[in-house]
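Notes to accompany the following structure.
The values are calculated or read from the model by the stated rules, or taken from the named source; none is laboratory data. What you are looking at is a predicted structure, and each value in this text was computed from that prediction instead of being measured. As a convention, Cβ positions derive from the backbone with ideal geometry for all residues, glycine included, and neighbour counts pool all protein chains shown. Note: accessible area is taken over every heavy atom of the protein model, side chains too, but ligands, DNA and RNA are not part of it. Shrake-Rupley method; radii C 1.70, N 1.55, O 1.52, S 1.80 Å.
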Amino acid sequence: MVIGMTDDDKRKAETGNPEDIKERAEYTPSVQSDFLREKMKQRPVNKKKLLRRTIVTVVLAVVFGIVACLTFLILEPVINNWLYPPEEAKEVQFPEETITEEMNPEDMLTVEEQEKEEPVELELELVDEKIAELLSEVTFGLEEYRTVYDELSALAKDVSRSIVTVTGVTSDVDWFNNIYESEAVVSGVIVANNGRAMLILVNLNNIKNAEKIVVTFCDQKQADAKLVQKDDSTGFAILSVSLMAIGEETMDVINIATLGSSNTSNMPGTPVMALGSPMGTSGSLCYGMITSSGTVIDQVDSAYKLIFTDMYGSKNATGVLVDLKGMVVGIIDNSYNGSDRGNLISAYGISELKRTITKMSNNQYRAYLGIHGADVPLEAILESGMPRGAYIKEIEMDSPAMTAGIQSGDVIVKINDTEIETYNELLNVLYNALPEDVVTITLMRQGIDSFQEMTVTVTLTRRM
């Protein structure tokens with residue numbers, strides 16, 4: 001079959017006509033040896049324009065990403081709080097305590113005799129025989145000794161559930177401009193749960209200028225902590241750790257410490273345990289007893305009792321003192337140890353600290369007067385006719401007390417309508433006052449022959 005033939009040509013070919021055959025032989029299709037060839041040439045690339053477009057695209061992508069991140073960071077808490085509104089923080093309050101004195105054996109005997117209708121006089125020899133008989137029945141061997149320490153260890157383990165390790169992380173640069181992180185570790189104690197966070201009491205003096213604070217609980221769970229408030233006079237602070245960051249498993253393990261009392265004259269000789277970091281390392285433990293509790297730390301607008309023990313520890317010891325009931329009676333701080341005490345463990349009495357802990361836990365600032373005071377000694381009242389009240393030993397420079405004209409040697413006997421007989425009563429009034437409150441103070445000042453009554457008006461300020 002010949003390509004390009006018409007129907008007539010086909011018929012002529014089939015008939016075999018010679019003329020037709022000749023005509024076909026003479027017909028040759030037109031063939032071009034050289035045909036038009038078109039070569040596509042690519043347009044040159046504008047590199048500057050391409051680079052500019054790439055940079056604009058990258059910049060727009062970065063801007064979009066930043067805007068998206070900022071929008072998420074801003075709206076996420078709002079939406080989360082709208083969907084899951086957080087509970088309001090509850091106000092932290094600790095039970096008020098009263099001064100209790102332990103009853104001596106002779107006092108107990110007197111009470112028992114008074115309860116009887118017919119008092120019976122016991123002869124001293126009979127009492128001695130009875131005591132000797134009871135002592136003869138008591139045996140204390142190695143097994144009993146081991147039992148005592150097993151019980152102490154069990155108590156320490158239970159109390160340790162309220163002890164945490166607080167790590168302060170600080171970034172620094174070495175000589176070769178390499179950035180590194182340094183860590184300082186102290187022990188703290190869980191004191192309250194305000195419904196939104198666990199509140200932890202800790203001494204921040206050893207982790208000053210920390211850029212980040214991490215709390216490790218007894219089950220090794222770690223969480224970031226925030227500073228609620230710090231008391232500059234003592235160095236103690238309250239940290240908060242969100243309940244959501246702690247988790248349910250850890251919440252089932254940890255405990256809130258029970259704050260006991262250091263407001264008793266019978267503390268010397270009381271057996272105690274030091275928990276936290278008494279030896280300078282987390283989780284260390286000491287057994288001992290209180291040797292004295294009569295020293296008062298002289299600080300502005302405060303009167304903290306200092307407890308001394310016979311336990312040897314680290315100079316940088318932190319943690320708590322706990323009695324045999326598992327109650328916290330002191331917060332360890334060895335910064336007031338003299339050269340003769342070495343590294344014997346001492347602590348702030350918990351009773352005097354409760355006011356400060358309560359204020360810090362609720363993020364409430366204390367009213368500031370700016371005085372150092374003490375009780376008027378009974379001898380001075382009887383011998384010199386000195387009035388009963390709060391004796392002013394020293395005035396802070398540029399304090400509200402100095403501005404109002406209060407001087408060293410004055411005796412404050414009244415604030416507003418509240419009679420003041422002791423320095424502690426004055427501190428109670430300051431504790432219940434607020435910054436910017438205006439109070440009227442009645443004081444007695446030494447004159448030529450006697451004390452003269454004066455009245456001053458003081459505007460309290462905020463104490464950090």
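Mind checking which residues of region 363-389 are aliphatic (A, V, I, L, M), in contact (Cβ under 8 Å) with a residue 40 or more places away in the chain and either within 21 Å of S265 (Cα to Cα) or part of a helix (DSSP H, G or I) (or both)?
Restricting attention to region 363-389, the residues satisfying the condition of being aliphatic (A, V, I, L, M) are 367, 369, 371, 374, 376, 378, 380-382, 386.
Applying the additional criterion that residues be in contact (Cβ under 8 Å) with a residue 40 or more places away in the chain yields 367, 369, 371, 374, 386.
Selection gives A374 alone.
Select, from G269, G276, G313, the only residue that is more than 18 Å from the chain's Cα centre (by Cα) and closer than 20 Å to S162 by Cβ.
On the way: G269 fails: closer than 20 Å to S162 by Cβ; G276 fails: more than 18 Å from the chain's Cα centre (by Cα).
Being more than 18 Å from the chain's Cα centre (by Cα) and closer than 20 Å to S162 by Cβ holds for just one of G269, G276, G313, which is G313.
Please find, within region 317-338, the residue that is most open to solvent (accessible area, probe 1.4 Å) out of those that are assigned to a strand (DSSP E or B) and not β-branched (V, I, T). Steps first, answer last, please.
Going through region 317-338, the residues assigned to a strand (DSSP E or B) turn out to be 318-323, 328-332.
In the following step, the residues that additionally are not β-branched (V, I, T) were identified as 319, 321, 323, 330.
Working: G319: 8, L321: 0, D323: 27, G330: 0 Å².
The extreme case among them is D323.
Please tell me if I381 is among the aliphatic types (A, V, I, L, M) and crowded, with 23+ Cβ neighbours inside 10 Å. If you could, list the steps in order and put the result at the bottom.
Working: among the aliphatic types (A, V, I, L, M): yes; crowded, with 23+ Cβ neighbours inside 10 Å: no.
Criteria not met by I381.
Would you say M360 is in a loop (DSSP other than H, G, I, E, B), surrounded by 15 or more Cβ atoms within 10 Å (Cβ to Cβ), touching a strand residue (DSSP E or B) at 6+ places or on another chain (Cβ under 8 Å) and touching a residue at least 12 places away in the same chain (Cβ under 8 Å)?
In short, no.
Condition first: out of contact with any Pro (no Cβ under 6 Å at 6 or more places or on another chain) and either assigned to a strand (DSSP E or B) or under 14 Å from V296 (Cα atoms) (or both). Now tell me which residues in region 339-352 satisfy that.
Step one: filter region 339-352 for residues out of contact with any Pro (no Cβ under 6 Å at 6 or more places or on another chain), giving 339-344, 346-352.
Selection gives L344, S346, A347, Y348, G349, I350, S351, E352.
Just give me the residues in region 304-316 being crowded, with 21+ Cβ neighbours inside 10 Å and touching an Asp or Glu at 6+ places or on another chain (Cβ under 8 Å), in sequence order.
Of everything in region 304-316, just one residue is crowded, with 21+ Cβ neighbours inside 10 Å and touching an Asp or Glu at 6+ places or on another chain (Cβ under 8 Å), namely Y304.
Kindly indicate whether any position in region 127-136 is polar (S, T, N, Q), open to solvent by 100 Å² or more (accessible area, probe 1.4 Å) and either more than 26 Å from A223 (Cα to Cα) or at pLDDT 75 or above (or both). Walk me through how you get there before you give the answer.
Here is the first cut: in region 127-136, the ones polar (S, T, N, Q) are 136.
Pick out the ones that are also open to solvent by 100 Å² or more (accessible area, probe 1.4 Å) and you get none.
No - not one qualifying residue is present in region 127-136.
Given (1) open to solvent by less than 10 Å² (accessible area, probe 1.4 Å); (2) at positive phi; (3) small (G, A, S), where does G280 come up short, assuming only one miss?
Condition not satisfied by G280: (1).
Across region 153-177, what is the total count of residues that are among the hydrophobic types (A, V, I, L, M, F, W, C), at pLDDT 90 or above and outside any strand (DSSP E or B)?
Quick first cut of region 153-177, residues among the hydrophobic types (A, V, I, L, M, F, W, C) only: 154-156, 159, 163-164, 166, 169, 173, 175-176.
Filter once more, keeping what is at pLDDT 90 or above: 154-156, 159, 163-164, 166.
Now drop any that are not outside any strand (DSSP E or B), which leaves 154-156, 159.
Counting residues in region 153-177 that are among the hydrophobic types (A, V, I, L, M, F, W, C), at pLDDT 90 or above and outside any strand (DSSP E or B) gives 4.
Of all residues in region 195-227, which are in contact with a helix residue (DSSP H, G or I) (Cβ under 9 Å, 6 or more places away or on another chain), closer than 19 Å to A89 by Cβ and surrounded by fewer than 18 Cβ atoms within 10 Å (Cβ to Cβ)?
Once the filter is applied, which keeps residues that are in contact with a helix residue (DSSP H, G or I) (Cβ under 9 Å, 6 or more places away or on another chain), closer than 19 Å to A89 by Cβ and surrounded by fewer than 18 Cβ atoms within 10 Å (Cβ to Cβ), region 195-227 yields G195, R196, D224, L227.
Of all the strands (runs of 3 or more DSSP E) wholly in region 178-260, which have at least 2 residues that are in contact with a strand residue (DSSP E or B) (Cβ under 9 Å, 6 or more places away or on another chain) and either among the small types (G, A, S) or modelled with pLDDT under 90 (or both)? So that I can check it myself, show each step before the final result.
Working: elements: 179-193, 197-203, 212-216, 222-224, 226-230, 236-242.
Hits in region 178-260: 179-193, 236-242.
Among the residues of region 328-340, are any touching an Asp or Glu at 6+ places or on another chain (Cβ under 7 Å) and not basic (K, R)? Lay out the reasoning, then the answer.
Of the residues in region 328-340, the ones touching an Asp or Glu at 6+ places or on another chain (Cβ under 7 Å) are 329.
Among the residues that remain, those that are also not basic (K, R) are: 329.
Checked region 328-340: at least one residue is touching an Asp or Glu at 6+ places or on another chain (Cβ under 7 Å) and not basic (K, R).
I need the full set of residues from region 228-252 which are of a type in the set (A, V, I, L, M, F, W, C), open to solvent by 50 Å² or more (accessible area, probe 1.4 Å) and closer than 24 Å to P95 by Cα, in order please. Quick ask: steps written out before the conclusion?
Within region 228-252, the first condition is being of a type in the set (A, V, I, L, M, F, W, C), and the residues that meet it are 228, 236-239, 241, 243-246, 251.
With open to solvent by 50 Å² or more (accessible area, probe 1.4 Å) added as a condition, the list becomes 244, 251.
Scanning region 228-252 gives a single hit, M251.
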